[in-house]
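*Asks:* Before I ask anything, let me first share the structure, which is written out below as structure tokens.
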Amino acid sequence: MCLAVPGRVTEVAERDGTLMAVMDFGGVVKDVCLEYLPDLAVGEYAIVHVGFALQRLDEESARRTLDLFAELGLLQEEFGDPWEAARAAKEAGR
Amino acid sequence: MKYLEEFQNPELARGLLADIRATVTRPWALMEVCGGQTHTIIRHGIDQLLPDEVELIHGPGCPVCVTPLEVIDKALEIAARPGVIFCSFGDMLRVPGTDRDLFRVRGEGGDVRVVYSPLDALRIAEQNPQREVVFFGIGFETTAPPNAMAVHQARKRGIRNFSMLVSHVRVPPAIDAIMNSPDCRVQGFLAAGHVCSVMGTGEYPELAERHRVPIVVTGFEPLDILEGIRLTVRQLERGEHTVENAYARAVRPEGNPAARDMLEDVFEVADRAWRGIGVIPASGWRLSERYRDHDAEYRFDVHSIATCEPARCRSGEVLQGLIKPHQCEAFGADCTPRTPLGATMVSSEGACAAYYLYRRLGTPAAPREASPVG
Ligand code: SF4
């Protein structure tokens, strides 16, 4: 139930005095309360939990993280393929 | 956002694993706090891909699992009353109380409804003014702001037939309690990313300093988890103990100020019992005085509840990271997600259920359960 998923705002509207949005979660569309992120705009992404947008997803941070990961990705040439190696080792040990 | 898809990238995962392998020189025990992270770790076999030196201990971060039996029994009693519509998140339905669960109460005629959001429960209250609508308000700091908003709106809009049975829990006091336990083996924490999306990171430096333990705010994708592990191991190897944020795309240092203000308005910090663990001081929230009219504990005088846990269930030890689920004798035999003895087998975020769902091999009872019997 702690699951919080990223979604994209497709529509913003007020309902019953509450700021609401329609958000798209990879094809699934849901109503989401924007009271905690009132300046979230159409086209932006946010983390949504039980029908509430709780934090804007920061594209710049996402890119930086990926750049860093990509840099680390170069290491694999040096260390072979730990993913498969680890699996094989654990399997053999069992 | 075009970058989101890339967080599943196996190439990047290999890189992160290579870096962890290159860094680690001796054994370390890390705890992932959140049940959502446990789920990802077991589902993707991350614990098996890590070098042997890095052990992951599964933390108590599943709100469904730690909701105390007494509160579950109260919920069951309220839900069974005529005139009540009892609304809950779906994963509470099968959580065993002393002698039944919400699912059973519904089967026996109780009006138990599953909602996606607490605002759905509020709407049900508006549409049924002659009925008492009770929402089961559980969860960590991530779920507390949505629940707080529902109560706040009920008060503001005069929806008097709406009340909440509150059993909210807070992560930092739990980390403190885990570190204070004499059996504690944890040397570093992957803190729960979405909790920090709301609360920010301000509560952690003091804990990291006092317990001399690295705390790395970590997300939920496999790559996020590997990155959290990488940063924690790097700190441990260097003898550091600071707070780092490995989930910056969704966590700002200040969290979500509007949500935190609402939490302060609607809730007050209280001691809270955690199922299987016991009372942890200041580890929960209850409705503050001002919202007492919407507090189901006051509205429904629920007393003389005698609770009784099945003696064989070792979920307390599982929740504290003292044993792994398959070390419990009942695991996979008498205790399965369909017939759970403890709450950790109910929620998909519970460690017992995660092991059962994704780790069939290597556990004695698995082949029997895997065969198409029923
Ligand atoms: S396997 Fe079942 S009985 Fe054993 S600790 Fe987990 S929930 Fe309790």
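*Asks:* Around A:ALA46, with a cut-off of 9 angstrom between Cβ atoms, what is the net charge of the other residues, counting Lys and Arg +1 and Asp and Glu -1? Spell out each step's value before the answer.
*Replies:* Values: positive: A:ARG8, A:ARG56; negative: A:GLU44.
After counting each charged neighbour, the total is +1.
*Asks:* Take the solvent-accessible surface of the protein heavy atoms, probe 1.4 Å, and return the percent of it on chain B that carbon and sulfur atoms account for.
*Replies:* In chain B, the share of accessible area belonging to carbon and sulfur is 49 percent.
*Asks:* Can you pull out the GluC sites (Glu not before Pro) in the range B:8-72 that DSSP calls coil and that have at most 16 other Cβ atoms within 10 Å? All intermediate terms of the calculation are to be shown ahead of the outcome.
*Replies:* Numbers: sites: B:GLU11, B:GLU32, B:GLU53, B:GLU55, B:GLU70; in loops: B:GLU53.
Within the range B:8-72, the qualifying GluC sites (Glu not before Pro) (loop, at most 16 other Cβ atoms within 10 Å) are B:GLU53.
*Asks:* Along the range B:278-283, what does the Karplus equation 6.51 cos²θ - 1.76 cosθ + 1.60 (θ = phi - 60°) give for ³J(HN,Hα), rounded to whole Hz, x for Gly and Pro?
*Replies:* Values, residue by residue: x, 6, 10, x, 6, 9 Hz.
*Asks:* Shifting gears a bit: For chain B, find the longest principal axis of its Cα atoms and tell me its angle to the long axis of helix B:118-127, 0 to 90°, nearest 10.
*Replies:* 10
*Asks:* What accessible area per residue, rounded to a whole number of Å², is obtained for the range B:315-361 using a probe radius of 1.4 Å?
*Replies:* Details: 1840 Å² over 47 residues.
Ligands and nucleic acids excluded, the result is 39 Å² per residue.
*Asks:* What ³J(HN,Hα) values, in whole Hz, does the Karplus curve 6.51 cos²θ - 1.76 cosθ + 1.60 give for the range B:326-331 when θ = phi - 60°, with x put for Gly and Pro?
*Replies:* 6, 7, 7, 5, 6, 3
*Asks:* Tell me: how much accessible area in total is hidden between A and B, 1.4 Å probe, Å², nearest 100?
*Replies:* Details: alone 7300 and 16620 Å², together 19040 Å².
Roughly 4900 Å² of accessible surface disappears when A and B pair.
*Asks:* Also, quick follow-up: In whole Å, how far is the Cα centre of the range B:131-197 from that of the range B:257-291?
*Replies:* Result: 7 Å between the Cα centres.
*Asks:* Give a residue-ordered list of calculated ³J(HN,Hα) values for the range B:139-156 (Karplus: 6.51 cos²θ - 1.76 cosθ + 1.60, θ = phi - 60°; whole Hz; x for Gly, Pro).
*Replies:* Values per residue, Gly and Pro as x: x, 8, 4, 6, 8, 4, x, x, 5, 4, 4, 4, 5, 4, 5, 4, 5, 5 Hz.
*Asks:* Taking loop as defined by DSSP and a crowding limit of 11 other beta carbons within 10 Å, which chymotrypsin sites (Phe, Trp or Tyr not before Pro) in the range B:291-360 fit?
*Replies:* Working: sites: B:TYR291, B:TYR298, B:PHE300, B:PHE331, B:TYR355, B:TYR356, B:TYR358; in loops: B:PHE300.
Here no chymotrypsin sites (Phe, Trp or Tyr not before Pro) fit, given the DSSP loop and packing criteria.
*Asks:* Which translational diffusion coefficient, to the nearest whole µm²/s, is obtained for the protein assembly as shown from the Stokes-Einstein equation, given a Kirkwood hydrodynamic radius over C-alpha pairs, 37 °C and 0.692 mPa s?
*Replies:* 144
*Asks:* Related question: Are there GluC sites (Glu not before Pro) in the range B:224-282 that DSSP marks as loop and that have at most 16 other Cβ atoms within 10 Å, and which are they?
*Replies:* Values: sites: B:GLU227, B:GLU237, B:GLU240, B:GLU244, B:GLU254, B:GLU264, B:GLU268; in loops: B:GLU240, B:GLU254.
Answer in residue order: B:GLU240, B:GLU254.
*Asks:* Taking the Cα centre of the range B:315-361 as origin, work out the dipole magnitude from +1 charges on Lys and Arg Cβ and -1 charges on Asp and Glu Cβ, in debye rounded to 20. Please list the in-between numbers first.
*Replies:* Working: 4 positive and 4 negative charges, 39 e Å.
For this selection, approximately 180 debye.
*Asks:* Moving on. Rounded if a/c is under 1.5, else prolate if a/b is larger than b/c, else oblate: which is the range B:88-135, with a ≥ b ≥ c the root eigenvalues of its Cα gyration tensor? Show your work: numbers first, answer last.
*Replies:* Numbers: a/c = 2.96, a/b = 1.66, b/c = 1.78.
Note, shape of the range B:88-135 comes out oblate.
*Asks:* Can you give the net charge of the other residues whose Cβ lies under 15 Å from the Cβ of B:SER181, counting K and R as +1 and D and E as -1?
*Replies:* Details: positive: B:ARG185, B:ARG210; negative: B:ASP176, B:ASP183, B:GLU317.
With Lys, Arg at +1 and Asp, Glu at -1, the net is -1.
*Asks:* Show that you can apply the helix-only estimate: for chain B, add -39,500 (n - 2.57) for every DSSP H stretch of four or more residues, divide by all residues, and state [θ] at 222 nm to the nearest 500. Write down the numbers at each step before the final one.
*Replies:* On the way: 17 runs with 144 residues, N = 374.
Estimated from H runs of four or more residues: -10500 deg cm²/dmol.
*Asks:* Moving on. Using only alpha carbon pairs under 8 Å that are at least six residues apart, calculate the relative contact order of chain B and give it in whole percent.
*Replies:* Working: 723 pairs, mean separation 79.9, N = 374.
Relative contact order here is 21 percent.
*Asks:* Return the unpartnered cysteines for chain B, using a Cβ-Cβ cut-off of under 4.7 Å.
*Replies:* B:CYS34, B:CYS87, B:CYS184, B:CYS196, B:CYS308, B:CYS313, B:CYS328, B:CYS335, B:CYS352
*Asks:* Follow-up. Roughly how crowded by other chains is peptide B:48-55, in terms of the mean Cβ count from those chains within 10 Å of each of its Cβ atoms?
*Replies:* 3
The values are calculated or read from the model by the stated rules, or taken from the named source; none is laboratory data. Since the model is a prediction, treat every value here as computed from it, not as a measurement. Glycine gets a Cβ as well: all are built from the backbone with ideal geometry, and neighbour counts include every protein chain shown. Heavy atoms of the whole protein, side chains included, go into the accessibility calculation; ligands, DNA and RNA do not. Shrake-Rupley method; radii C 1.70, N 1.55, O 1.52, S 1.80 Å.
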